[in-house]
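Let me begin by presenting the structure, written as structure tokens, before commenting on it.
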Amino acid sequence: MSNVLNVALIQTSLVWENPKENRRLLNDKINTITKGVDLIVLPEMFTSGFTMNPKLVAETMTGDTMVWLTQLAKEKEAAIMGSLVIFENNNYYNRMVCVEPSGAITTYDKRHTFTLAGEHNVYTAGTEKVMFNYKGWKICPLVCYDLRFPVWARNVEDYDLLIYVANWPKVRIKAWDALLEARAIENMTYCIGVNRVGLDGNNHEYSGHSVVYDVLGTRMDNLSENEDAIAVVVLEKGTITKYREKLNFLNDRDNFNLKA
């Protein structure tokens, strides 16, 4: 158990529908992190970009990317998380994975598929909200479009850290900025959003705006927009405890049941 969690955010461009080249690209970036970190966060669909052609890039849970993540997490002594296209039981999933140095793997299938792009036509939506514990931190992993649905992120589990990975386009980046800050404030949690930069194969532009907010909505990182960059932030469990005990906002939550 650790009262401090060092997290690296990797804001990067991606090579369109090319898992092998993206693994090489990300491997080089991760190797530039010189100080020890506990957790490394990659964007949504980090092996391909946000593609609606899953047959071209899909892998299994024993495929090349999962083998690579497992080896790299052990080598770096850090958990690594992000989403990729997974084929399982004759379905394609936009799946967030978190691979720990021990080899333990947590998965979350994106609940809210992005209908505007037709994601619901090619990917199977998840049905389960996922929590996992890592180094004494309770973490809730979510993906991109999930951000627009606050009930799905509602902090009834007293989690410590909310993480969104995304391919969120520049044209709607104002919503990304506002909603991430809101999720931190309303849930009294650290909230991290990692978004890509650059152009994808459909000529959609991404400007990054990767960010870390504390429980009061104060920004903690210094990442610039539109740039390939890495930021390392230090999260402290004591900050969560201090403000939750002082303000007690979560004690006044409405009680209701969520049906997926």
Practice problem: Scan region 111-138 and report the pairs whose first residue is within 30 Å of residue 238 (Cα to Cα) and open to solvent by less than 40 Å² (accessible area, probe 1.4 Å) and whose second residue is modelled with pLDDT of 95 or more and part of a loop (DSSP other than H, G, I, E, B), with Cβ atoms within less than 6 Å and a gap of 6+ or a chain change. | Solution: 137/160
Practice problem: Take the residues in region 1-32 that are over 16 Å from residue 199 (Cα atoms) and in contact with a Gly (Cβ under 7 Å, 6 or more places away or on another chain), then tell me which one is most open to solvent (accessible area, probe 1.4 Å). | Solution: 1
Exercise. Within region 33-49, work out how many residues are open to solvent by 40 Å² or more (accessible area, probe 1.4 Å) and either in contact (Cβ under 8 Å) with a residue 24 or more places away in the chain or in contact with a helix residue (DSSP H, G or I) (Cβ under 9 Å, 6 or more places away or on another chain) (or both).
Key: 2
Self-check item: Every pair of residues 6+ apart whose Cβ atoms lie under 7 Å, when the first sits in region 179-194 and is free of Cβ contacts under 8 Å to residues at least 24 places away in the same chain while the second is surrounded by fewer than 24 Cβ atoms within 10 Å (Cβ to Cβ)
Solution: none
Self-check item: Selection count, region 96-110, where residues are buried (at least 22 other Cβ atoms within 10 Å of the Cβ) and free of Cβ contacts under 8 Å to residues at least 24 places away in the same chain
Solution: 0
Quiz item: If we scan region 61-73, do we find a residue that is in contact (Cβ under 8 Å) with a residue 24 or more places away in the chain, over 20 Å from residue 30 (Cα atoms), hydroxyl-bearing (Ser, Thr, Tyr) and surrounded by fewer than 20 Cβ atoms within 10 Å (Cβ to Cβ)?
Solution: no
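The values are calculated or read from the model by the stated rules, or taken from the named source; none is laboratory data. Just so it is clear, the model here is predicted, and its values are computed rather than measured. Virtual Cβ from ideal backbone geometry, glycine too; neighbours counted across all protein chains shown. Side chains are part of the model used for accessible areas, which takes the heavy atoms of the whole protein and leaves out ligands, DNA and RNA. Shrake-Rupley method; radii C 1.70, N 1.55, O 1.52, S 1.80 Å.
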